[in-house]
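Below: one structure, written as structure tokens.
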Amino acid sequence: MKEIKLHNIIEEIPEGIVLLDGNLSIQFYNKVFSKLLSYKEGSPIGKNLRTIDFIQEKQTIKDNFYSDLKERKIIKSLYYIKNNNESIMVYVFSKNIQIDGIDYTLLTIFDISSLMQCSFNVNKIEKRINYLEQKIIGKDEKIKELFKMIKLASESTSNVLINGESGTGKELVARAIHEVSDRRSMNFVTVNCSALSESLLESELFGHVKGSFTGAYKDKIGKFEISHGGTIFLDEIGDITPLTQLKLLRVIEEKTITRVGDNREIKVDMRIVCATNKNLREMVTKGLFREDLFYRLNVFQINTTPLRDRKNDIPVLCEYFIDKFNIKTNKSIKGFKEDVMKLLMDYPWPGNVRELQNVIEHSFIVCSSDYIDLFDLPLELRQFNFREIKAEVSNDHLLFIKSNKGKGVNIKPRNTLTMEKIIEVLKSNNNNKAATARQLGISRIALWKKLKKFNISQ
Ligand SMILES: Nc1ncnc2c1ncn2[C@@H]1O[C@H](COP(=O)(O)OP(=O)(O)O)[C@@H](O)[C@H]1O
Ligand SMILES: [Mg+2]
């Protein structure tokens with residue numbers, strides 16, 4: 001085996017290494033140190049570290065650095081050094097050693113500019129993950145997939161088309177793309193394209209000059225200009241007229257806008273994110289949406305999932321909204337009664353997360369106990385529950401529900417009543433069947449049938 005020279009290994013260590021004697025004169029150094037030092041006057045061996053002006057800091061910092069070294073104090077600190085006319089930050093640490101009974105100090109010098117870049121990136125990534133997880137709630141695989149898409153979209157500047165039913169979080173996604181992208185320090189501007197007439201939308205997007213139409217009393221900057229450097233979110237893009245479609249196409253192709261009533265072209269650079277609950281591709285085949293614009297907008301497509309297709313997320317969303325409304329209303333509601341939770345899981349949520357949020361907000365206004373009851377829910381959900389129960393329970397049970405409507409009785413759909421629950425309530429009512437049935441929200445006959453079914457001795 002060939003002998004490996006220690007010296008060769010030290011030369012290849014990626015940090016600067018320099019050995020100083022008790023007077024701080026250089027006894028040994030490696031390649032990286034000489035590079036960091038960018039010392040032009042031959043070998044620095046035998047030179048005093050102080051005289052070659054190693055660090056570029058204020059005089060007091062310099063003085064402390066050299067006196068600490070001399071006094072053999074341990075140095076572990078960041079300093080600026082001059083490297084070929086550039087100031088770079090290094091981390092210096094010292095180690096006092098003895099070689100053949102003589103004291104030396106070994107300095108190791110890390111160039112941390114690359115490390116800083118790395119931690120900057122880690123920071124950026126962490127920020128992105130935090131934003132998404134704090135704002136977009138859900139544990140379902142579809143949400144994880146959505147996070148991936150948002151991250152990918154945020155790394156590019158391509159136009160994004162978000163497709164999904166109303167209330168599934170399209171706007172939330174659009175904002176998230178902006179917030180985790182490098183454009184986040186600039187504006188995020190939302191325009192609801194279905195809320196305005198063609199001419200008002202045009203002036204909203206492009207701005208106008210004073211006197212360009214009746215009512216244009218002063219110059220107005222359009223949303224495209226406001227979103228310059230940032231992101232513009234065009235909601236309900238499927239609702240824009242053919243003329244607006246054409247104008248939007250021009251903006252994308254030419255990256256310039258002209259204010260209404262003006263002829264000056266203004267350069268704009270904004271990321272365009274659109275959303276729709278319509279099937280744009282189908283609109284294209286029907287001739288209702290320009291094909292060229294469709295392809296321009298649909299460079300990167302993201303689909304949001306209806307709540308009914310990710311029901312696993314209902315409990316976490318409920319928890320999230322309960323926390324949110326507890327803070328907002330200063331209440332301390334703990335959750336839902338079991339039957340309410342079952343209903344929330346069964347309900348098809350045509351209005352998706354927005355509807356769930358509204359239902360919980362409504363319940364907060366009505367609820368006066370720790371747990372939200374069926375009667376705290378909006379009528380629509382109670383009616384849905386009523387229909388569901390109707391399918392499940394016998395007639396006498398139904399009558400009981402009707403006669404108790406509005407009294408706040410805890411109505412349990414039959415299949416949620418477990419044997420344990422019945423025994424527990426029986427015990428708490430000293431085996432009194434009528435009281436037990438009342439508390440369980442079922443008729444005495446239904447209770448009797450249950451007792452028989454579960455073989456509970458009467
Ligand atoms: N996954 C989610 N986590 C938390 N809130 C959500 C989620 N999805 C939607 N929301 C909330 O529901 C409401 C509707 O969302 P929005 O983005 O306006 O839906 P869309 O634009 O698809 O109609 C908003 O208040 C939004 O904050
Ligand atoms: Mg919306």
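The values are calculated or read from the model by the stated rules, or taken from the named source; none is laboratory data. As the structure is a computational prediction, the values presented were derived from the model and not from experiment. Here the Cβ positions follow ideal geometry from the backbone for every residue, glycine too, while neighbour counts run over all protein chains shown. The protein model used for the area step is the full one, side chains on, heavy atoms only, and it has no ligands, DNA or RNA in it. Shrake-Rupley method; radii C 1.70, N 1.55, O 1.52, S 1.80 Å.
Here are a few things to note about the model shown:
- Relative contact order, whole percent, for the chain stands at 11, derived from Cα pairs under 8 Å and 6 or more residues apart.
- Residue-normalised accessible area of segment 330-371, given per residue in Å² at a 1.4 Å probe: 49
- Sorting 325, 375 on solvent-accessible area from highest to lowest, probe radius 1.4 Å, gives 375, 325.
- Accessible area in square angstrom per residue, segment 123-303, 1.4 angstrom probe: 51
- Net charge of Cβ neighbours under 14 Å - reference residue 246; Lys, Arg +1; Asp, Glu -1: -2
- Calculated from backbone phi, Karplus (6.51, -1.76, 1.60) coupling profile of segment 14-29 in Hz, x at Gly/Pro: x, 9, x, 10, 9, 10, 10, 8, x, 9, 6, 8, 6, 9, 7, 8
- Segment 1-107, accessible area per residue, ligands and nucleic acids excluded (1.4 Å, Å²): 64
- Linear extension gain, residue 61 paired with residue 8, 0.36 nm per residue minus alpha-carbon span: 15.7 nm
- Listed by chain and number, the lysines whose C-alpha is less than 17 Å from the C-alpha of residue 58, apart from same-chain residues fewer than 8 away, are 82.
- Helix 113-135 vs. the chain, principal-axis angle (Cα, 0 to 90°, nearest 10): 10
- Under the combined filter of DSSP loop state and at most 14 neighbouring Cβ atoms within 10 Å, segment 147-256 retains these chymotrypsin sites (Phe, Trp or Tyr not before Pro): 213, 217.
- The chain - share of DSSP beta bridges that are antiparallel (%, nearest 5): 60
- DSSP bridge pairs, segment 123-303: antiparallel proportion in percent, nearest 5: 20
- Each part reduced to its alpha carbon centroid, segment 173-200 and segment 143-165 end up 14 Å apart.
- Once the convex hull of all Cα atoms in the chain is built, its volume per residue stands at 364 Å³.
- Accessible area of the chain belonging to carbon and sulfur atoms, whole % at 1.4 Å probe: 51
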